[in-house]
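Structure record follows, encoded as structure tokens.
Derivation of every value follows stated rules applied to the coordinates shown; laboratory data play no part. These figures come from a predicted structure and were not determined experimentally. In this analysis, Cβ positions are derived from the backbone assuming ideal geometry, glycine residues included, and neighbour counts consider all displayed protein chains.
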Amino acid sequence: MSKNLFSEFTKKGFVKIKLDKKYMSAYKKLKKNIRNDFPKNFKKNKFENLHHIVNFDEINSIRMKIIRSINIEKDLKKNIYLSAKSFLDQLLGADIVVQKSVNLAIQMPNDNSRPMFHKDTPLSSKYEVVLWIPLVDCSKSMCMTMIDKKYHDEANKLFDNLNRNSETKFQKFSKLKGSNFPVKFGEALIFSTDNFHYIPINDTNKTRWSLNIRFKNLFTPYGERNLLDYFEILKTSPITNLLTN
Ligand SMILES: [Fe+2]
């Protein structure tokens with residue numbers, strides 16, 4: 001894993017990484033399982049074309065059903081971790097916890113129901129990172145817009161004056177100061193929970209599918225998302241094992 005990726009992460013609070021090719025079969029299998037479990041929502045369509053069959057009223061309940069079904073798969077979290085292990089291990093250290101359930105977002109073209117401009121802290125601890133993994137090639141408004149750490153305070157100010165024009169202000173700010181870059185299937189975005197991010201309305205003609213899951217070091221401070229309810233231990237160091245066995 002190149003040193004540049006870590007300095008880029010430290011500077012901006014986010015970085016795009018390549019997932020380990022050895023574990024791409026796990027993501028392909030996941031997509032195959034989703035397709036097999038929800039045949040009437042796909043017919044012969046590709047994932048990107050889900051909106052040809054599914055409409056805005058149905059999408060959230062379908063998404064929740066898919067989330068339930070993918071979280072039954074017992075090795076999914078482990079494979080996600082392994083696909084980004086070389087980056088995560090160096091970023092977080094030897095004792096790592098992982099979010100208990102994997103999230104799935106589906107953003108169909110022109111669907112305006114989406115989270116507003118936000119950061120995940122203080123609900124999440126500042127010591128958490130989000131691993132965002134697209135299941136389809138994403139470009140332009142299919143992608144999330146990330147706000148560089150250097151604009152953090154400026155973005156925070158927008159929150160101090162929340163009013164009914166805020167959405168337009170967030171949109172303008174994100175367009176001006178945000179980074180929006182393609183993330184393909186096989187790549188992922190890692191970002192600090194303290195970084196602001198914005199989800200634009202998808203004005204492409206493709207549906208965006210993405211997984212997201214959080215990781216942190218076992219011994220760093222927790223936000224409201226705590227170890228018992230929200231996280232589980234993924235791996236521990238020999239010294240931790242020595243002291244807890
Ligand atoms: Fe978020």
So what's the back-of-envelope 222 nm ellipticity for the chain, counting only DSSP H runs of four-plus at -39500 (n - 2.57) apiece and dividing by all residues, rounded to 500? -10500 deg cm²/dmol
For the stretch 78-210, state the semi-axes of the equivalent ellipsoid (square roots of 5 times the eigenvalues of the alpha-carbon gyration tensor), sorted largest first and rounded to whole angstrom. 25, 20, 12
Restricting attention to the stretch 11-117, which trypsin sites (Lys or Arg not before Pro) occupy a DSSP loop and are surrounded by at most 10 other Cβ atoms within 10 Å? 43, 44, 74
Mean separation of Cα contacts under 8 Å, 6 or more apart, over the residue count of the stretch 1-93: relative contact order %: 43
Karplus ³J(HN,Hα) for the stretch 123-130 (6.51 cos²θ - 1.76 cosθ + 1.60, θ = phi - 60°; Hz, whole; x = Gly/Pro) runs 4, 8, 6, 5, 8, 8, 10, 9
Going by the alpha-carbon gyration tensor, a ≥ b ≥ c the square roots of its eigenvalues, is the stretch 1-94 rounded (a/c under 1.5) or, if a/c is not under 1.5, prolate (a/b greater than b/c) versus oblate? prolate
With an 8 Å Cα cut-off and a minimum separation of 6 or more residues, compute the relative contact order for the stretch 3-244 in percent. 34
Translational diffusion coefficient of the chain at 20 °C, 1.002 mPa s, Stokes-Einstein with Kirkwood Rh over Cα pairs, in µm²/s as a whole number. 113
In a Gaussian network model of the chain with springs linking alpha carbons closer than 10 Å, the residue among 111, 194, 75 that fluctuates most is 75
Using the membrane-span-like helix rule (whole DSSP H runs, Cα extent along the own axis of at least 15 Å, mean Kyte-Doolittle hydropathy at least 0.0), which helices of the chain qualify? 56-70
Residue 232 and residue 68 label points (each 7 Å along its Cα→Cβ direction) are spaced in nm at 1.8
Please compute the modelled spin-label separation between residue 46 and residue 172, points set 7 Å along Cα→Cβ, answer in nm with one decimal. 3.7
